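Inspection log for the structure reproduced underneath, given as structure tokens.
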Amino acid sequence: RQMCIRDRCNIMEEVTLSPEGQAKKALYSAVQPTNALTIGNYIGAIRNMVAMQDEYNCYFAVANMHAITVRQVPAELRKNTLAVLALYMACGIDPKKCTLYVQSHVPCHAELAWVLNTFTYVGEMERMTQFKDKSAKHADNINMGLMDYPVLMAADILLYKADVVPVGIDQRQHLEITRDIATRFNNIYSPTFVVPEGVYPKVGAKIGDLLEPTKKMSKSSEIQTGTVFLSDDKDTVLRKFRRAVTDSENEIRYDPDNKPGVSNLISIYTAFTGKSIEETEREFAGVGYGDFKLAVGEAVAEKTVPLQKEQARLLADKDYLSSVLKEGAAKAYKVASSTLAKVYRKIGFYQL
Ligand code: TRP
């Protein structure tokens with residue numbers, strides 16, 4: 001048992017040092033195990049996470065504690081927790097390189113959130129856009145957790161001393177409040193928390209809905225035929241692309257202002273094939289929209305179908321997934337508990 005803990009510490013040291021021996025920056029990100037992920041999530045977030053694993057000391061969590069702020073079906077929540085984990089691994093998130101874990105497996109999140117609650121004002125939480133939106137959407141269940149969601153998110157980020165937090169624009173306000181809470185605490189006591197930087201996707205990097213290309217492709221979109229899920233089978237993918245909105249010209253040219261539909265398809269094609277916009281325009285010069293849409297659908301399915309197979313293979317190996325989660329929780333706990341101990345000391349909790 002002693003050996004085992006020491007081995008884990010060695011692993012930690014390896015991952016926190018770059019080849020030049022410099023401390024790597026810490027990166028924190030989390031995803032809720034609720035709705036299905038879209039190809040927009042893949043292009044905008046998951047792919048980047050895979051790329052950043054070597055450069056940063058990465059923490060990736062499945063945020064099941066955030067998920068329960070709106071009512072969940074227990075069996076589905078449980079199932080989706082593993083499904084998200086397996087999908088991330090299928091996409092290339094390597095549990096040996098980063099810390100991949102489930103939020104509820106590390107009790108420090110709830111514990112730090114409680115402390116941070118006493119450094120957060122009710123008025124600040126009432127003003128949060130997402131709280132207001134979700135309160136309107138779930139008017140029968142405006143629970144304290146829904147209001148406290150940003151404080152739990154602050155606890156997630158601050159426990160791991162994250163330098164950078166890549167999130168969607170919709171989470172920007174939550175990241176700003178995290179910075180405020182961290183700064184407030186540091187000013188009252190002494191430097192304790194790292195004040196994190198939010199990293200937001202570049203404008204134009206986002207993928208539009210296939211039917212309303214000027215709107216973001218979203219997992220909660222009303223009309224789901226414009227949204228392509230990573231879990232869609234090949235026929236569904238091809239059908240959705242066949243129906244994609246284009247324009248009345250007949251030219252495959254990248255021009256987001258005048259040709260949002262075609263430009264969105266070009267963006268998706270380049271993201272899934274690694275080809276440039278120019279190469280794509282040349283490849284499809286003189287080709288009709290119908291054939292182009294089919295080619296984009298094929299390129300997407302060529303990537304997503306193998307991901308689904310790998311996800312299914314991982315999900316069938318529960319022992320392996322359990323071992324990944326145990327290891328992840330142990331690595332996370334080591335860092336989180338040390339931050340929490342520091343906080344408890346500073347605020348005057350008597351330590352045993
Ligand atoms: N709230 C985020 C979302 O819905 C998920 C999340 C929870 C998160 N904790 C986090 C993201 C910490 C970044 C950092 O997308």
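The values are calculated or read from the model by the stated rules, or taken from the named source; none is laboratory data. Remember, predicted model here, so these are calculated numbers, not experimental data. When we count neighbours, we look across all protein chains shown, and the Cβ atoms used for this are built from the backbone with ideal geometry, even at glycine.
Looking only at residues in the range 51-67 that are surrounded by 17 or more Cβ atoms within 10 Å (Cβ to Cβ) and of a type in the set (A, V, I, L, M), the one that is farthest from F272 (Cα to Cα) is M65.
Inspect all residues belonging to the range 80-98 and state whether any of them is away from the ligand (no atom under 16 Å from the Cβ), in contact with a Gly (Cβ under 8 Å, 6 or more places away or on another chain) and not in a helix (DSSP H, G or I). Yes, the range 80-98 has at least one match. Annotation note: Cβ proximity below 7 Å between a residue of the range 164-189 that is small (G, A, S) and a residue that is modelled with pLDDT of 95 or more and in a helix (DSSP H, G or I) (sequence gap 6+ or interchain) occurs for A182/L158. Only one entry in F119, F131 is among the aromatic types (F, W, Y) and touching a Lys or Arg at 6+ places or on another chain (Cβ under 7 Å), namely F119.
So, C98, is that one touching a Cys at 6+ places or on another chain (Cβ under 6 Å), crowded, with 17+ Cβ neighbours inside 10 Å and at pLDDT 95 or above or not? Break it down stepwise before answering.
Values: touching a Cys at 6+ places or on another chain (Cβ under 6 Å): yes; crowded, with 17+ Cβ neighbours inside 10 Å: yes; at pLDDT 95 or above: yes.
Here the answer is yes, as C98 does meet what is asked.
For the range 20-67, a tally of residues being within 12 Å of the ligand (Cβ to nearest atom) and more than 19 Å from Y200 (Cα to Cα) returns 9. Among the residues of the range 68-88, those that are under 13 Å from the mean Cα position of the chain (by Cα) and hydrophobic (A, V, I, L, M, F, W, C) comprise V84, L85, L87. For the range 331-351, the count of residues that are farther than 30 Å from P191 by Cβ, free of Cβ contacts under 8 Å to residues at least 40 places away in the same chain and out of contact with any strand residue (DSSP E or B) (no Cβ under 7 Å at 6 or more places or on another chain) is zero. Taken as a whole, the range 225-239 holds no residue that is without any contact (Cβ under 8 Å) to a residue 40 or more places away in the chain, out of contact with any Gly (no Cβ under 8 Å at 6 or more places or on another chain) and over 21 Å from Q308 (Cβ atoms). Entry remark, the range 144-172: residues being in a helix (DSSP H, G or I), among the β-branched types (V, I, T) and within 9 Å of the ligand (Cβ to nearest atom) number 1 in total.
The residues of the range 263-319 that are over 25 Å from the mean Cα position of the chain (by Cα), surrounded by 21 or more Cβ atoms within 10 Å (Cβ to Cβ), part of a helix (DSSP H, G or I) and hydrophobic (A, V, I, L, M, F, W, C) amount to a single one, F292.
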